[in-house]
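Enquirer: Take a look at the following structure, please.
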Amino acid sequence: MEALREYMIPEGVVWIIEIKIIGGLLVIAATTTMGFCYSNRLRLRIKHLRNFKRLMIYLKGEISHSSSSLPDAIAIIAKKEKGTFEDFLERLLGELNSLKGIRFYEAWEQSFDGMVSKTCLTKEDAQLIRGLGKTMGHMDKHTQLQCIDMFLNELEDEINRSVEGSKDKV
C-alpha cells in the first residue's frame, strides 16, 4: 500500500488538472461556435448577393420589356419583394416619391445605407451596389440596361469568388 501512495497524485494537483481540462474544453467549444458563425455569415452573404442579383434581373426586365420608367419599375418590384431587400426598395421608392427633389443616386445611397447593416454584405459588396446607384439615375433606358448588365456581370464574378472562397475557408 505504501508503494501505491508514492504514485498517487496529490489532491491539489488533481484540482488544477481538472480546471485545465475544463478550460481546454471551453476553448474548443468557443472556437467551434465561432467557426459555425463565420460559416453562416459566408453562406448568408452569398444568399444576399444572389437575392440582389435576382432583383436587378427583375429591374432589367421591367425596364426593357415593360418599358417602365426607373421609379415605376422599382415600384413594381417593391410590391413583389418579400425578403432581405424589401426595406431597401420601400425606402428607395419613398425617397423617389417624396418631393425632396434629391437625385436618384442620393435616394439609392440613403436607402441602401439604411439597410446594409442588416445584411452580411462586405464593404466591397456595398461599394459595388452603391456604384450601380451612381450610374443609374440620369441615363436613358438603353444606357440603364447596359449599366445593369455590367453590374450583373460584376456581381456574378463576386458571387463566384465568394463561393470558391467559402469552399476554401469552410
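The values are calculated or read from the model by the stated rules, or taken from the named source; none is laboratory data. As the structure is a computational prediction, the values presented were derived from the model and not from experiment. Please note: Cβ atoms are built from the backbone with ideal geometry, for glycine as well, and neighbour counts cover all protein chains shown. Accessible surface areas use protein heavy atoms only, side chains included; no ligands, DNA or RNA. Shrake-Rupley method; radii C 1.70, N 1.55, O 1.52, S 1.80 Å.
Enquirer: Return the only residue of G83, G61 being outside any helix (DSSP H, G or I), surrounded by 14 or more Cβ atoms within 10 Å (Cβ to Cβ) and either modelled with pLDDT under 85 or out of contact with any strand residue (DSSP E or B) (no Cβ under 6 Å at 6 or more places or on another chain) (or both). Don't jump to the end; show me each part of the working.
Expert: Details: G61 fails: outside any helix (DSSP H, G or I).
On inspection, the qualifying residue turns out to be G83.
Every residue, every condition in (1) over 30 Å from the mean Cα position of the chain (by Cα); (2) part of a helix (DSSP H, G or I); (3) surrounded by 14 or more Cβ atoms within 10 Å (Cβ to Cβ), yes or no:
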site	(1), (2), (3)
I17	yes, yes, no
G23	yes, yes, no
T31	no, yes, no
M34	no, yes, no
H48	no, yes, yes
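Enquirer: Which pairs do you get when a residue that is closer than 17 Å to E90 by Cα, found in segment 115-131, comes within reach of a residue that is open to solvent by less than 20 Å² (accessible area, probe 1.4 Å) and acidic (D, E), reach meaning Cβ atoms under 9 angstrom, with the pair 6+ apart or on two chains?
Expert: Within 9 Å, the pairs are V116/D125; T119/D125.
Enquirer: Which of the residues belonging to segment 98-116 are loosely packed, with under 14 Cβ neighbours inside 10 Å and at pLDDT 85 or above?
Expert: Answer for segment 98-116, where residues must be loosely packed, with under 14 Cβ neighbours inside 10 Å and at pLDDT 85 or above: R103, D113.
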